[in-house]
Amino acid sequence: MHVVIMGCGRVGASLAKALGRLDHQVSVIDKDSQAFRRLGADFHGQQVTGVGYHREVLIEAGIERAGAFAAVSNGDNSNIISARVARESFGVSHVVARIYDPKRAAVYERLGIPTVATVPWTTDRLLNMILPEATGPAWREPSGSVAVVRLPLHESWYGHSVREIEESTGSRVAFIMRFGSGVLPKAGTVLQADDQVYVAALSGTISEVTSRSTQAPEEGN
């Protein structure tokens, strides 16, 4: 899917890189060309310098073929204007806007624009709103620091141990659903086909964890 992101701050850059690792096509818009440095040398998406709610800028970024649009600049007004243009003028299916003023959230929601406030797991929530099929947190403890998420496993992980998947993803396996029953695994427990693996991970790292689990184990693991 082609995704257009307006804003290349920490959240925008993190979201763009996460989507890129999931093999989506990504275009990032920012009025400051220096902001694209946050994307790093490994980012191969499109970088468009300009104002994110201008039609010509959005068209250059590929909005006409986009399946999703995320407005994550540092301005609430810019975010909601660009989100409305993406949805109402270009018919983008999945649109989300980041906000700083929570009092505006209800207003934006009435306009049909899902919003995400500035919380520790902003990137994870944006990713899951853009990609409804992506794996989202199944549970989060009250402070929002730790979440439990089901891993989307690459088939090559079956036959490997819990210890290996933990070391590779940087998460902790909480439990496994196997043949309809919950299992509390040990480090040496071997993953079997059709296992549903749930891990505990720090908020803000979920996209990294799930991205790694969808890749085949590195040689030697």
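The values are calculated or read from the model by the stated rules, or taken from the named source; none is laboratory data. It should be emphasised that the depicted structure is a prediction, and the values quoted were computed from it without experimental measurement. Cβ placement follows ideal geometry from the backbone for every residue including glycine, while neighbour counts extend to all protein chains displayed.
Being farther than 17 Å from residue 211 by Cβ and in contact with a Gly (Cβ under 9 Å, 6 or more places away or on another chain) is the filter here; which residues of region 1-15 pass it? Selection gives 2, 4, 6, 7.
Each row is one residue, and each column tells you yes or no for (1) in a loop (DSSP other than H, G, I, E, B); (2) over 18 Å from residue 17 (Cβ atoms).
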site	(1), (2)
167	no, yes
177	no, yes
182	no, yes
187	yes, yes
197	no, yes
201	no, no
211	no, no
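Scanning region 190-198 finds one or more residues that are closer than 13 Å to residue 149 by Cα, crowded, with 17+ Cβ neighbours inside 10 Å and within 24 Å of the chain's Cα centre (by Cα). Pairing residues of region 22-45 that are over 16 Å from residue 70 (Cα atoms) with residues that are among the hydroxyl-bearing types (Ser, Thr, Tyr) and surrounded by fewer than 17 Cβ atoms within 10 Å (Cβ to Cβ), at Cβ distances under 7 Å and at least 6 apart in sequence or on separate chains, gives 33/49.
Quick test for you: out of 18, 35, pick the one residue that is within 20 Å of the chain's Cα centre (by Cα), in the same structural domain as residue 114 (by TED's automatic domain parsing), over 21 Å from residue 208 (Cα atoms) and not in a strand (DSSP E or B).
Answer to the selection: 35.
Yes or no, residue by residue, for (1) surrounded by 17 or more Cβ atoms within 10 Å (Cβ to Cβ); (2) closer than 18 Å to residue 206 by Cα:
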position: 11; (1), (2): yes, yes
position: 16; (1), (2): yes, yes
position: 20; (1), (2): yes, yes
position: 35; (1), (2): yes, no
position: 38; (1), (2): yes, no
position: 44; (1), (2): no, no
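Residues in region 81-106 that are in contact with a Ser or Thr (Cβ under 8 Å, 6 or more places away or on another chain) and β-branched (Val, Ile, Thr): 96, 99.
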